[in-house]
Amino acid sequence: MLMKADTIHQAGSQYPERHVLLEQEGAVRKSLVLGCGGYLPERIVTNDELATRIDTSDAWIRKRTGIRQRHIAAEGELTSDLAVAACRPALERAGIDAEEIDLIVLATSTPDNTFPATATKVQAQLGIKRAIAFDVQAVCSGFIYALSVADNMIRLGQAQTALVVGAEVFSRILDWEDRGTCVLFGDGAGALVLRGGMSDAGSSGRGVLSTHLFTDGSHYDSLYVDGGPSTTGKSGYLRMAGQEVYRHAVHNMAEAIEIAIEANGLSLSDIDLLVPHQANIRIIESISRRLGVDNEKVVITVGSQANTSAATIPLALTNAQNNDRIQPGHLVALSALGGGFAWGSSLIRW
Ligand code: UT7
């Protein structure tokens, strides 16, 4: 029996009207995770290789960040190429055809072009005819912002099956002479497939339980790119006040998870897997210590992949999925902070 009547929604003018059940006795419409996938460019650049070009060392980079190596896109390999290469295994894992996708939300700060959205290129390359496709820009927290947008559109019935993508080629916006930043980042992409479906109401039902987003633009100058269409007309290079970002990352990412846990009536000990943004091993360890989450419940990829900005979380989820670290019913906690500052968290019952 229906609690809330079938709602008629039109997901974009190209779609016929359809009926979407939003709520039933004891159950609500949620975004269920069908699977995820990732892609890392072939070329690996080690710390030792960087040390031949700039005044740095493997020992310094490992000790201060935990990073051992990063993947760097080949010449001519674009953000859209990385994104498509991540979406294919995600779709395969989800067991669905690309044409079933009716929403693509792609998080990136390194789009192929200033416009149109890189998501539109991904749509075309995957051969998806009828979908809403657009980009979201929230730098390192971009994937959680994209997830939030997709989740809300699915829960309201505006979309049914979504690709949520984080894809970056940060190597193209790095000042390769600035040792304080160029050693920290890498290129990569990850994608998550979501589908709307009925799920037990409350935090034990599977699906995206919540997303919490926060922004404080007074920190605009702490992490930014010194260029852009309306300033210099050129794309510019990444600039960062490292210690300022570090302090806020530890505090805000941990707090965002605490807020999400409380909002869902859960406790921190319920977390089965913590998937934080991968910028620095010391940030990740401080967060897990503050939250009291054991090391074996924390996914860490920063050593082999470095910071791929919006791609770190879907890449880490893919790593956990492919290593059988995530099981159906697990409570997965995500958290990230990046330029803006923009930050946020999400809880997913896998
Ligand atoms: O995704 C979100 C954005 N990013 C982050 O979350 C990153 C947050 N910040 C950090 O992870 C850290 O602040 C860094 C890893 C960037 C820097 O670590 P730190 O412990 O804060 O080092 P520092 O900036 O205080 O630099 C310490 C020293 C300096 O030398 P002096 O002035 O003490 O002589 C730097 O010049 O280390 C020097 N240094 C380096 N030395 C060798 C900075 N970068 C390097 C390097 N190799 N690559």
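Taking region 278-290, which residues are open to solvent by 10 Å² or more (accessible area, probe 1.4 Å) and either under 22 Å from Gly186 (Cβ atoms) or touching a residue at least 24 places away in the same chain (Cβ under 8 Å) (or both)? Steps first, please.
Narrowing region 278-290 to residues open to solvent by 10 Å² or more (accessible area, probe 1.4 Å): 279-283, 285-286, 289-290.
Listed by number, the residues that qualify are Ala279, Asn280, Ile281, Arg282, Ile283, Glu285, Ser286, Arg290.
Could you tell me whether region 247-266 includes any residue that is among the acidic types (Asp, Glu), open to solvent by 50 Å² or more (accessible area, probe 1.4 Å) and away from the ligand (no atom under 16 Å from the Cβ)? Give the steps one after another, and end with the answer.
Applying the first criterion (among the acidic types (Asp, Glu)) to region 247-266 yields 255, 258, 262.
If we keep only those that are open to solvent by 50 Å² or more (accessible area, probe 1.4 Å) too, we end up with 255, 258, 262.
Now narrow it down to the ones that are away from the ligand (no atom under 16 Å from the Cβ): 258, 262.
Within region 247-266, one or more residues are among the acidic types (Asp, Glu), open to solvent by 50 Å² or more (accessible area, probe 1.4 Å) and away from the ligand (no atom under 16 Å from the Cβ).
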Helices (runs of 4 or more DSSP H) enclosed by region 279-346 - at least 2 residues per element that are within 10 Å of the ligand (Cβ to nearest atom) = 281-291
Do we have Gly207 as on the phi > 0 side of the Ramachandran plot and either within 16 Å of the ligand (Cβ to nearest atom) or within 19 Å of the chain's Cα centre (by Cα) (or both) here?
-> yes
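Report those strands (runs of 3 or more DSSP E) wholly inside region 128-224 carrying at least 3 residues which are at pLDDT 95 or above and farther than 27 Å from Asp81 by Cα.
Working: elements: 132-136, 161-169, 187-200, 207-215.
So the answer is 187-200, 207-215.
The values are calculated or read from the model by the stated rules, or taken from the named source; none is laboratory data. From a predicted model like this one, the values you see are computed outputs, not experimental measurements. Ideal geometry is used to build each Cβ from the backbone, glycine not excepted, and the neighbour counts take in all protein chains shown. All accessible areas refer to the heavy atoms of the entire protein, side chains included, with ligands and DNA or RNA removed. Shrake-Rupley method; radii C 1.70, N 1.55, O 1.52, S 1.80 Å.
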